[in-house]
Amino acid sequence: MYLANEQRYEKMLYNRVGKSGLKLPAISLGLWHNFGDVDNFGTQREIVQAAFDNGITHFDLANNYGPAAGSAEINFGRILKEDLLPYRDELIISSKAGYYMWPGPYGEWGSRKYIIASCEQSLKRMGLDYVDIFYSHRPDPDTPLEETALALDQLVRQGKTLYVGVSNYSAEQTAEIAKIFRELKTPFIIHQPRYNMFDRWIEDSLTDVLADEGLGAITFSPLAQGMLTNRYLNGIPNDSRAHSGSPFLTEENVQATLDVVNQLNTLAEKRGQTLAEMALAWNLRQPTVASVLIGASRVSQLEDNLKALNNLTFSPDELNQIDNILSKLAKN
Ligand code: NDP
């Protein structure tokens, strides 16, 4: 029987999400990759246990995570049942609806029909009565924002989620839906955008909108799917995401960044950190970022990433050096 580490709350940092009452661990675990039916269940279980043992209270899922789609929620549901259910009130579990899940006109995007049905399916797969955060996974160009907002609001009123969030919404769409939620008094607290050294779009205006609206961010792919780590410094390992034929991370993506990654790695070494640790600390320097949402294919990666918390500060000179190194990427 799994018994959680009694010291689990000693080292983790918990940040308030915007102006809400909810705190998230500075590092959260996402189950997009490595938790499908194609992945070893024993390793999945080890990673989730190690995360919780180190104070990671937040696990992020979505209807379509796998493969097969839905299997990450089923596997996480099994880990919950076998290990974590006694700790349910210590956990923040999220899911999302937006991407393709089932055939026909109601199996993706942002209609009331899809959002409500998908949340119901996710709860069943995980064996839960409610999730803590439910997201609209992407904006739907064909559904009025108000309809998507009202569907999320209804899930709150039905007790199926405690808070709601949006993901991949632009700054303008975020401001617009925030206004609707404010009128409805929906507990809309969080945005989940991609943010890492290679993709800084949120700095243009989303962070301002979040600060103005009192919202927080949890940033996904903070390690650029592994490129901002030492994973590819000596070639492309056979068991890596870039080698797996993933449409999201190709060997070409890795090659194109390698020179810059080497320079960032040298700077991280000077700071006494691994590159992964520095990349996570760099994300967390943004005041609106409450948490970084990492992935891990093994416990050792998780342990490395947790060490980011040992050095979260950057001198202005270090930040300039990072900007200079990254500017070379833009010119290539
Ligand atoms: P990361 O950028 O953290 O990439 C994770 C991958 O990087 C791991 O699978 C591993 O690759 C490698 N890695 C992690 N830590 C280390 C380390 N210390 N040393 C070496 N390599 C390391 O995040 P993800 O892209 O996986 O995304 C994280 C989460 O964000 C997802 O699980 C999901 O919850 C969320 N997300 C949300 C999206 C949205 O649209 N809302 C879209 C994408 C993600 P390897 O597998 O090769 O070992």
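What follows draws every value from the coordinates through simple rules; no lab data is involved. Note that the coordinates shown come from a computational prediction; the quantities given were computed from them, not determined experimentally. So basically every Cβ, Gly included, is an ideal-geometry build from the backbone, and we count neighbours across all protein chains shown.
Going through 134, 76 one at a time, which residue ends up being assigned to a helix (DSSP H, G or I), aromatic (Phe, Trp, Tyr) and within 16 Å of the ligand (Cβ to nearest atom)?
After ruling out the rest, the residue left standing is 76.
With respect to residue 89, determine if the residue is among the charged types (D, E, K, R) and within 19 Å of residue 283 (Cβ to Cβ).
no
What about residue 178, is it closer than 30 Å to residue 148 by Cβ and away from the ligand (no atom under 13 Å from the Cβ)?
yes
Starting from segment 17-36, take each residue that is charged (D, E, K, R) and list its partners that are in a strand (DSSP E or B), counting only C-beta distances under 8 angstrom and pairs at least six apart or across chains.
23/14; 23/15; 23/16; 23/290
For segment 277-307, how many residues are out of contact with any strand residue (DSSP E or B) (no Cβ under 7 Å at 6 or more places or on another chain) and in a helix (DSSP H, G or I)?
11
Mind listing just one residue for me: the one in segment 22-32 that is surrounded by fewer than 22 Cβ atoms within 10 Å (Cβ to Cβ) and in a loop (DSSP other than H, G, I, E, B) and, of those, farthest from the chain's Cα centre (by Cα)?
22
Mind checking which residues of segment 296-317 are β-branched (Val, Ile, Thr) and surrounded by fewer than 12 Cβ atoms within 10 Å (Cβ to Cβ)?
313 - this is the single residue of segment 296-317 that is β-branched (Val, Ile, Thr) and surrounded by fewer than 12 Cβ atoms within 10 Å (Cβ to Cβ).
All but one of (1) surrounded by fewer than 21 Cβ atoms within 10 Å (Cβ to Cβ); (2) under 30 Å from residue 14 (Cβ atoms); (3) more than 12 Å from the ligand (Cβ to nearest atom); (4) in contact (Cβ under 8 Å) with a residue 24 or more places away in the chain hold for residue 260; which doesn't?
Tallying (1) surrounded by fewer than 21 Cβ atoms within 10 Å (Cβ to Cβ); (2) under 30 Å from residue 14 (Cβ atoms); (3) more than 12 Å from the ligand (Cβ to nearest atom); (4) in contact (Cβ under 8 Å) with a residue 24 or more places away in the chain, residue 260 fails exactly one: (2).
Say whether the condition of being assigned to a loop (DSSP other than H, G, I, E, B), within 16 Å of the ligand (Cβ to nearest atom) and surrounded by fewer than 22 Cβ atoms within 10 Å (Cβ to Cβ) is met by at least one residue in segment 146-168.
Taking segment 146-168 and keeping what is assigned to a loop (DSSP other than H, G, I, E, B), we get 158-160, 168.
Filter once more, so that each one left must be within 16 Å of the ligand (Cβ to nearest atom): 168.
Narrowing the set further to residues that are surrounded by fewer than 22 Cβ atoms within 10 Å (Cβ to Cβ) leaves 168.
Within segment 146-168 (the criterion being assigned to a loop (DSSP other than H, G, I, E, B), within 16 Å of the ligand (Cβ to nearest atom) and surrounded by fewer than 22 Cβ atoms within 10 Å (Cβ to Cβ)), the answer is yes, since at least one residue qualifies.
Which residue pairs have Cβ atoms under 8 Å apart, sit 6 or more places apart or on different chains, and have a first residue in segment 286-308 that is near the ligand (Cβ under 7 Å from one of its atoms) and a second that is acidic (Asp, Glu) and in a helix (DSSP H, G or I)?
304/277; 305/277
Among the residues of segment 225-236, how many are more than 15 Å from residue 274 (Cα to Cα) and near the ligand (Cβ under 7 Å from one of its atoms)?
Matching residues across segment 225-236 total 1.
May I ask you to say which residue of 176, 183 is free of Cβ contacts under 8 Å to residues at least 24 places away in the same chain and either among the β-branched types (Val, Ile, Thr) or assigned to a helix (DSSP H, G or I) (or both)? Working first, answer last.
Values: 176 fails: free of Cβ contacts under 8 Å to residues at least 24 places away in the same chain.
Matching residue, one of 176, 183: 183.
Identify all residues within segment 309-332 that are part of a helix (DSSP H, G or I) and touching a residue at least 60 places away in the same chain (Cβ under 8 Å); write none if there are none.
Within segment 309-332, 309, 322, 325, 326, 328, 329 meet the criteria.
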